[in-house]
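Report on the following structure.
The values are calculated or read from the model by the stated rules, or taken from the named source; none is laboratory data. None of these values were measured; they are calculated from a predicted model. Backbone-built Cβ (ideal geometry, glycine too); neighbour counts: all protein chains shown.
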Amino acid sequence: MEDNSIPGFRFYPTEEELISFYLHNKLDGQREELNRVINRVIPLLDIYEFNPWDLPQYSGVPCQGDPEQCFFFIPRQESEARGGRPSRLTESGYWKATGSPSYVYSSQNRIIGLKRTMVFYRGRAPHGTKTQWKMNEYKAIQGEPISGATPMLRQEFSLCRVYKKTKCLRAFDRRPTRDEIINFNPTIHDHHDNHQQAHDGHDHHQYHHHEASTTSTRLSRSPPPPPPPPPPPPAAPAVMERTSSLEETSTSSGGGGSTGGQPSQSGESEYLHLHTTADNEALWDWEDINFFYN
């Protein structure tokens, strides 16, 4: 198997892959060639004989050079085989379980294993100091789980993932803190302070320049001229009234009869009158209007 000297190569199996493929094949042990490959990827090691920061040097080929996580098969301890509790003491501290064990499910929502999380403490309980090292321990389910029954676990081997908890979720997201940068290169701190002072001075100068410009603008600005008076309202249109003066032709004592009450063609006189009130409102003189001419 080629080692992982290519930058960017990582071994990040899922929990289902760890249990269904690696742990199950290790427990079965029937395929010799496959188990030889699996042992190079995930070696067998009693991790409680080592401190967690020493484990990366014993990791499998895919995890060599990765200081953050490694995988191991753990053999069952003799105390467990006799029905006792496993000893999780190391030279410098101990592993302590945190939370409750939880089931691991397959992509088909079947229970395939049990997961237990532990944290490493320096010193001896109960006065140990918590560290950033953590471990996930996986055990496989024996056979198909029966509905309503507690699944039986395979105890011959367990598979563990030892990793160091960081403040970032992924390694490529990591950014050094400002204190780490300054401790690594103190000149950056001086450059940062000088740049900040220059930036503050520039802002101070811009502020006073802006205040002076604003004051000068306020002093030189004359009040706006008053708005022009509104135009007078338009006069109401004059109403032309057409009236007719009907001159009746008087009958002569000896003459023939004429059409009395009818307008005379020769004596008809038309004139126009404009009647308005003081408010320019037109008034109709209804008595002077003839609607019909006979």
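List of remarks:
- All positions within segment 1-56 that are within 28 Å of PRO86 (Cα to Cα), assigned to a loop (DSSP other than H, G, I, E, B) and either β-branched (Val, Ile, Thr) or over 38 Å from the mean Cα position of the chain (by Cα) (or both): THR14, GLY29, GLN30, ILE42, PRO43, LEU45, ASP46, PHE50, ASN51
- Residue ID - nearest to GLU68 (Cα to Cα), chosen from residues in segment 93-104 that are in contact (Cβ under 8 Å) with a residue 24 or more places away in the chain and out of contact with any Lys or Arg (no Cβ under 6 Å at 6 or more places or on another chain): LYS96
- Residue check, LEU34 under 26 Å from THR90 (Cα atoms) and of a type in the set (A, V, I, L, M, F, W, C): no
- When GLU80, GLU68 are checked against the criterion of being of a type in the set (Asp, Glu), under 36 Å from the mean Cα position of the chain (by Cα) and at pLDDT below 95, GLU68 stands alone in meeting it.
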